């Protein structure tokens, strides 16, 4: 099962590389995206499809637990939408060769699948680093000076950050060795409660993982690559990053959190996470105010929501259900935001609010979805993020953190104002007289995936279906240590 | 065997300081290559020290590490240095002598740090932990005090060498797939980064990262 999901995108990447036509090649993307989504549905629903039998006496390398399932679902949903969108997008960008672009997207999907299935912290790291390398050419797609700069920053900051995460991974294993146990990188072995472990080494390991995987997630102050990369890359790449890359980095970090809290260091971890999360929200809010580039604005929104995930994790048990739900609602809503922003960018040939006005008139569908997704991501009812953010807020009160709750609300408000000003300028009013006219109009391929994702966001805001709620409860219990 | 191992680790630490104090980029690449190849030998020594011949997997991993870190990666770096045709000096932010002193201070700090953290009792060659920390620190110094893109890549390689050395303490815990995967990632990473540095050089006619300042708030 796992192997089929990992090999499918790789196989199609090879097929894509062999297709000589720049026009036909993008068709491998929906095959991979929809095939992967079908396999994901099977892995989540069919009993027994989620585990791999290990050799007796050994811990398994692959196996799907509840948190892996949640992340796999987000990645697969967002990627499936992006894979259909990309066919339409690449049709508009025939002038650029897309062989490497398509291979990079599919390589990311394979890597993200490995991360979701991995039960070995070393394997998780290898796969995360592989996605860093696979996604670098995506940022570079436009082949301009600006995109080179963004790619360089992403590669250097990302590689160094992720190297620290590897050091942290080694430190965790070494902590058990110093404690007198058997060194292991297996998640199952490290989660055994009461195993001897050296606390100082474990704490340093946790900090390194927070910095390392936090760089990949884009937590402040390690977020510097994010606005550049999201701003210069095509919108579809932004959607894959904000919905996929950040989610798998969060999963990798979650595994560290679980190991550290099972060793009795949850209080230490919680303080760090709350501080880091609130700081990320503050920085994001600050840079969103007066932001003139609406794609960079979305990057800061991603920083903000990674901060929210950290806060939810730091609050502990009462907020964990909301946190796991927020991974899903944030990923799906970010998909709508980035894809519609990409459409608007193409229709105006600009991403600066000086030129982009009146998107609702020029592109009623994309403009409307952009506005609706903005309302959703800032936590307005009746959309999914409202439910998850409200649940995290409740968790803050329930766990006795009224100050955190207050700061959380203030930052949400600041972000709403800052983001709202830019979004309203983009969507309302009339297109400027001197705005460039371009050939882009909303078509089925570049609009239908957005409508589908927006429908999911809306649906999750009205009712979380029971099988999903059960999965999220199971995931929250796994993180909180009740399973 | 432990004496021999410690000797190698001391050489690795001295190479750190050489890397900090050398002005020609080609020489720094060579120093880091030697360091990487030496690190590839360490797992073999650990195994012989523990008695018994190393298994095929250990031999394969060590061979791959030596080939990649000692030969393939330096070859890629030299190629992009040649094609860039830049002034082949390092041009550091901090002078060579101060950065060597900084590296030495970092090494001392690493020794103190690992002494305080406590180390596993059953390990041969207790120098591995401080040497690894020192190498990671030196990697950071190179990364942050050099302007040229290619010098920053060298800093990243030194950082990776330090982490690889730490991995030596955990040979039995790291599955073969993971070890080979990490090496492959490193190789592909340097390959991709060197493509980007070449693009930087073509687009900006220099490899100076101070030119990369268009994107900001």
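If we scan region A:391-413, do we find a residue that is at pLDDT 95 or above, closer than 14 Å to residue A:461 by Cβ and in contact with a helix residue (DSSP H, G or I) (Cβ under 6 Å, 6 or more places away or on another chain)? There is at least one residue in region A:391-413 that is at pLDDT 95 or above, closer than 14 Å to residue A:461 by Cβ and in contact with a helix residue (DSSP H, G or I) (Cβ under 6 Å, 6 or more places away or on another chain). Residue by residue through region A:168-186, note down the ones that are more than 7 Å from chain B (Cβ to nearest Cβ) and more than 27 Å from the chain's Cα centre (by Cα). Selection gives A:175, A:176, A:179, A:180, A:181, A:182. Against the list (1) within 7 Å of chain B (Cβ to nearest Cβ); (2) in contact (Cβ under 8 Å) with a residue 24 or more places away in the chain; (3) under 14 Å from residue B:199 (Cα atoms), the condition residue A:142 fails is (1). Assigned to a helix (DSSP H, G or I), within 14 Å of chain B (Cβ to nearest Cβ), over 30 Å from residue A:454 (Cβ atoms) and at pLDDT 95 or above: does that describe residue A:165? Against the criterion (assigned to a helix (DSSP H, G or I), within 14 Å of chain B (Cβ to nearest Cβ), over 30 Å from residue A:454 (Cβ atoms) and at pLDDT 95 or above), residue A:165 qualifies. Pairs meeting the criteria (first residue in region A:209-233 and touching a residue at least 12 places away in the same chain (Cβ under 8 Å) and within 14 Å of another protein chain (Cβ to nearest Cβ), second residue crowded, with 24+ Cβ neighbours inside 10 Å and outside any helix (DSSP H, G or I), beta carbons under 7 Å, at least 6 apart or on different chains) are A:211/A:222; A:215/A:222; A:226/A:218. Of the residues making up region A:130-139, those that are facing another protein chain (nearest Cβ under 7 Å) and under 22 Å from residue A:96 (Cα atoms) are A:133, A:136.
Taken over region B:182-194, the criterion of being at the interface with chain A (Cβ under 9 Å from one of its Cβ atoms) and surrounded by fewer than 20 Cβ atoms within 10 Å (Cβ to Cβ) is satisfied by B:184, B:188, B:191, B:192. Scanning region A:192-201 for residues that are at negative phi and more than 9 Å from chain B (Cβ to nearest Cβ) turns up A:192, A:193, A:195, A:196, A:197, A:199.
Within the option set A:287, A:268, being under 30 Å from residue A:201 (Cα atoms) and in contact (Cβ under 8 Å) with a residue 60 or more places away in the chain holds for one residue only, A:268. You will find that of B:138, B:158, B:100, B:112, the residue that is in a helix (DSSP H, G or I), surrounded by 17 or more Cβ atoms within 10 Å (Cβ to Cβ), more than 8 Å from chain A (Cβ to nearest Cβ) and over 15 Å from the mean Cα position of the chain (by Cα) is B:100 and no other. When restricted to residues that are touching a residue at least 60 places away in the same chain (Cβ under 8 Å) and loosely packed, with under 15 Cβ neighbours inside 10 Å, region A:18-44 contains 1. Every test in (1) touching a residue at least 24 places away in the same chain (Cβ under 8 Å); (2) within 10 Å of chain B (Cβ to nearest Cβ); (3) under 22 Å from residue A:142 (Cα atoms) is passed by residue A:241 save one, and that test is (2). Looking at region B:120-129, is at least one residue within 30 Å of residue B:210 (Cα to Cα), touching a residue at least 24 places away in the same chain (Cβ under 8 Å), more than 8 Å from every other protein chain (Cβ to nearest Cβ) and not in a helix (DSSP H, G or I)? No, region B:120-129 has no match at all. In this entry, residue A:189 is excluded by the filter for residues that are within 10 Å of chain B (Cβ to nearest Cβ), surrounded by fewer than 24 Cβ atoms within 10 Å (Cβ to Cβ) and closer than 20 Å to residue B:180 by Cβ. If the condition is being over 14 Å from residue A:24 (Cα atoms) and more than 14 Å from chain B (Cβ to nearest Cβ), then region A:102-129 contributes A:105, A:106, A:109, A:112, A:113, A:116. The sole residue among B:200, B:163, B:174 that is within 11 Å of chain A (Cβ to nearest Cβ), in contact with a helix residue (DSSP H, G or I) (Cβ under 8 Å, 6 or more places away or on another chain) and outside any helix (DSSP H, G or I) is B:174.
In region B:203-217, of all residues being crowded, with 16+ Cβ neighbours inside 10 Å and part of a helix (DSSP H, G or I), the one that is nearest to the other protein chains (Cβ to nearest Cβ) corresponds to B:203.
Scan A:429, A:480 and give me the residue that is within 30 Å of residue A:254 (Cα to Cα) and surrounded by fewer than 20 Cβ atoms within 10 Å (Cβ to Cβ).
So the residue among A:429, A:480 that is within 30 Å of residue A:254 (Cα to Cα) and surrounded by fewer than 20 Cβ atoms within 10 Å (Cβ to Cβ) is A:480.
The values are calculated or read from the model by the stated rules, or taken from the named source; none is laboratory data. Just so it is clear, the structure is predicted and the values come from calculations on it, not from any experiment. Don't worry about glycine lacking a Cβ; one is built from the backbone with ideal geometry, like all the others, and counts go over all protein chains shown.
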